[in-house]
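The values are calculated or read from the model by the stated rules, or taken from the named source; none is laboratory data. Computed from a prediction, not measured in an experiment: that's the story for all the values here. Heads up, the Cβs are rebuilt from the backbone with ideal geometry, glycines too, and the neighbour counts pull from every protein chain shown.
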Number of protein chains: 2
Amino acid sequence: MTASPPPPAGTPSLPPPPAGTPSIPPPPAGAPSLPPAPLPPTTAATPPPAPSATAATAAPAAAPAVPRIPVAPFPATTPAAPAPRTPPPSPAAIPVPPVPTAPSLPAPSLTSAAPAPAASPRAVPRVPAPPPPVIAVPPPPAAAAPSPPAPRLPGPPSPARTARARRTGAVPGLRHRPAVPADPAKVAAVDHRLEEWARGLDLFPEEWTGDFAGFQFGRAVVLQHPGAADFERLVVAGKLLLAENLVDDCYCEDRGGSPRGLGGRLIMAQSAIDPYHGTPELEERWRCGMQADGPLRSYHWAMKDYAVFATPSQSDRFVHDIARLHLGYLAEAAWTETRHVPRVWEYLVMRQFNNFRPCLSIVDAVDGYELPEPVYARPEIQRVTALACNATTIVNDLYSFTKELANDPTHLNLPQVIAANEQCGLKAAYLKAVEIHNQIMEAFENEAAALSAASPLVERYARSLAAWVSGNHEWHATNTHRYHLPDYW
Amino acid sequence: MTASPPPPAGTPSLPPPPAGTPSIPPPPAGAPSLPPAPLPPTTAATPPPAPSATAATAAPAAAPAVPRIPVAPFPATTPAAPAPRTPPPSPAAIPVPPVPTAPSLPAPSLTSAAPAPAASPRAVPRVPAPPPPVIAVPPPPAAAAPSPPAPRLPGPPSPARTARARRTGAVPGLRHRPAVPADPAKVAAVDHRLEEWARGLDLFPEEWTGDFAGFQFGRAVVLQHPGAADFERLVVAGKLLLAENLVDDCYCEDRGGSPRGLGGRLIMAQSAIDPYHGTPELEERWRCGMQADGPLRSYHWAMKDYAVFATPSQSDRFVHDIARLHLGYLAEAAWTETRHVPRVWEYLVMRQFNNFRPCLSIVDAVDGYELPEPVYARPEIQRVTALACNATTIVNDLYSFTKELANDPTHLNLPQVIAANEQCGLKAAYLKAVEIHNQIMEAFENEAAALSAASPLVERYARSLAAWVSGNHEWHATNTHRYHLPDYW
């Protein structure tokens, strides 16, 4: 294991496009990857109404209302949030075009979800083609001359460095785009609201507070949703993220979870957001049952809050994506129990379910518009959504690699599965995993660009997805409480 | 255990409404259970195009095209299919209003799924209110004088009768409506196509053919979809039903299934209808992997055929409902492994997932129209859908009670769970389960009627759901290959 000098910390691996151009590159000239199809004009995208006061009062024991932070466009020059042990992101970070203002939308109704009257496919106004962006992934730094080996403790070599030598920052050679920096005041305000919410609903014991703070929920959602229509939606995104982590930790992972009996626990968790319908007496028992523990309460009340500003279609989309997530948890648990080592494609199929998708499912609602369901359901939109979700989920495998290996040397993640299948070392497998990520990320960017060229509404949705992907990368690359890189460069 | 004379076989427990009236009763006068909401007028409902020839050629090794049976309205007086050991349904069965003819729909596009321009809520034409129907569930027949006990073999008493004394027909006191009789020629034609399909895809070994014939797939879908727009859609409904049963039998139940490792198998099954997106090489491996066994092939190719006439929204709805089903299977398997005896509400929550819902999910597509997703997603439509699905799923618990008990005395079903929780005998528990079913069925009928009054499109959807529920009841009550009643009346 040799160490080479890291690339300059904080340098984005993709140069920013000229200011003012959309962040998604245009399709390859003359070669759209999907046949052109009529897509709705942008006029269908109107922000849902501001959440009413009932959002805050729906949950029992809800925290007292916190005065709203005035909504302001996120300036491109906002100082970066202080990220421990890493310098702030480069000021050359690409500005995200401000969300276009649009007339208010009436209360969610059938018509709000309806696409605008279909125009002739060719009559749809096209977004002006941006100049061809330069997409160049810097190659990993050339291997330096081997440095003298560090003194080692006895035992098998571990790719996880000691705490003193832990390496942070972006994975070298990982295709990514810079995130819009997180406003520290906004981050702190979201965290404050989430803490109050968690305390009010007694979501977890006091002694877990440190780890939950270390997760940096506020920073995550502020980075992932730079176009959030208002502060309240960011808070709800944070509640959903917290709930998803609580269910995972308490039902599946190391806070009381186990593969045994998991299907029984997860059906109750799913029911917390997909209500039971039967006789009045049984429904009352179900309602009480859904308050039985922190994971159920967090899912149930976060979903209630989401449904205040999401349309029924957006809510249903989220419920479906949580069902996918739970199926993914159950597949992973089954493989753990049977010690099944999947093939690479099987692992990635599982990971398409055990996936960040529920977080990306909400991007349009948080940003204050709706990609109408008949558009969302189209195979090509499903495909770019899945590509974005898969790319950003593999990012998690790469950043959590050393943490997972340290906790459980048999934990399944992409480098491990590649190494087992291809009989190669973990370092070669890790670099191959980076390559798979990059190909999927490139497919997302190219195909999203091709679709965006035909519809400003799809362009807006693709931009929301891309922003989430960038923000999620930034959060992983800078969350030194959770993640450190292996000793591979 | 005493035996009382059965009610006249084949007598529907609800008298048919006057000919020509919709099968859903009107809401209780002056008391709609849900606030009125604008619902789209019926003009949005237009039949999708007839499936193209590609439907038959999409699957490899597809059976040679079978000449279409000419589509004709299902006459109310069609002679009933010969049901072994039960007389044909009463000729007084309610006629199903013929599906209104509508102009052809263009190829699935964004506009096909869009609801019609919203009219003023009050401007929606109302369906003429039918005369109040008589809804009277005949009470179970009074207990007759105890008959002399039949000679018994040693061992614990079993509610399942011997083969000689097996009782069939409808569960006494069960709230249900008569089904439109199944045309035997149509049943045979569907079965013929399904056999060819199964053989062409090598879905199961030859020796299982008898059991699959005994399931009567053709009869099931002909009974469940009396308003099917054409024969091809009935065949696809049959393929989906066959695929769902194959996955259940081979992955979960007694044809090689087990709770162990189930999550790994079901994630692959889900992926067969929810495709993987990654690099071209990985996608190719996934495509090959999806042909690995009969369950995967059946899901994959049935879904392809469904997507020929279903809109992307309808397909996505089905995928979500299969995810729900798989979560239900996994919960049941977890409880089996841990020997958990759920409370009654917990069992019914699980059963809302392990549910016939995917079969009801397709009723509008099979009937040749679409309930647009923004309507489908509304909480009140979700609720009536869930009520119909739950009622018809409890019917399965009641009819399969003796079969399940004979195979596995600890098998969870509603009467068993009630008996365990309420410390009562199985007969009392069974009758209580009938009562729970009846309440849920009544809630479905009342709430569907209230919603139908505001929208002819919803009325049509509710009618399709109700027809499925009736057909499913008829299939259970007459499938003597699978089901027999306990000795409780």
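General observations
- Of all residues in segment B:316-341 being buried (at least 24 other Cβ atoms within 10 Å of the Cβ) and of a type in the set (G, A, S), the one that is nearest to B:L242 (Cα to Cα): B:A323
- Only residues that are within 16 Å of A:T478 (Cβ to Cβ) and among the polar types (S, T, N, Q) were counted across segment A:163-210, and they come to 1.
- Put simply, of A:D248, A:D305, A:D293 the only residue that is acidic (D, E) and over 22 Å from B:M350 (Cβ atoms) is A:D305.
- For segment B:352-362, a tally of residues being farther than 15 Å from B:P312 by Cα and either facing chain A (nearest Cβ under 7 Å) or touching a residue at least 60 places away in the same chain (Cβ under 8 Å) (or both) returns 6.
- Any hit, segment A:218-230, residues being under 20 Å from A:L296 (Cα atoms), out of contact with any Cys (no Cβ under 7 Å at 6 or more places or on another chain) and either of a type outside the set (G, A, S) or touching a residue at least 40 places away in the same chain (Cβ under 8 Å) (or both): no
- Tally of residues being at the interface with chain B (Cβ under 9 Å from one of its Cβ atoms) and touching a residue at least 40 places away in the same chain (Cβ under 8 Å) across segment A:284-315: 4
- Scanning segment A:251-283 for residues that are charged (D, E, K, R) and either within 20 Å of B:R351 (Cα to Cα) or within 9 Å of chain B (Cβ to nearest Cβ) (or both) yields a count of 5.
- Scanning segment B:247-272 for residues that are surrounded by fewer than 24 Cβ atoms within 10 Å (Cβ to Cβ) and part of a loop (DSSP other than H, G, I, E, B) gives B:E253, B:D254, B:R255, B:G256, B:G257, B:S258, B:P259, B:R260, B:G261.
- Test for A:D183: is it closer than 30 Å to A:R460 by Cβ and either in contact with a strand residue (DSSP E or B) (Cβ under 7 Å, 6 or more places away or on another chain) or acidic (D, E) (or both): yes
- Any chance B:L262 is aliphatic (A, V, I, L, M), out of contact with any Ser or Thr (no Cβ under 6 Å at 6 or more places or on another chain) and closer than 22 Å to B:G289 by Cβ: yes
- Segment B:438-456: number of residues that are more than 10 Å from every other protein chain (Cβ to nearest Cβ), part of a helix (DSSP H, G or I) and not polar (S, T, N, Q): 7
- Qualifying positions in segment B:206-240 - basic (K, R) and over 14 Å from the mean Cα position of the chain (by Cα): B:R233
- One residue alone among B:A213, B:A302, B:A228 is in a helix (DSSP H, G or I) and surrounded by 20 or more Cβ atoms within 10 Å (Cβ to Cβ), and that residue is B:A302.
- Exactly one residue among A:Q423, A:Q416, A:Q439 is touching a Ser or Thr at 6+ places or on another chain (Cβ under 6 Å) and without any contact (Cβ under 8 Å) to a residue 40 or more places away in the chain, and that residue is A:Q439.
- Of A:V349, A:V366, all but one fail to be within 7 Å of chain B (Cβ to nearest Cβ), out of contact with any Asp or Glu (no Cβ under 6 Å at 6 or more places or on another chain) and at pLDDT 95 or above; the exception is A:V349.
- Selection within segment B:369-417 - of a type outside the set (A, V, I, L, M), within 20 Å of B:N438 (Cα to Cα), facing chain A (nearest Cβ under 10 Å) and buried (at least 23 other Cβ atoms within 10 Å of the Cβ): B:T385, B:C389, B:N390
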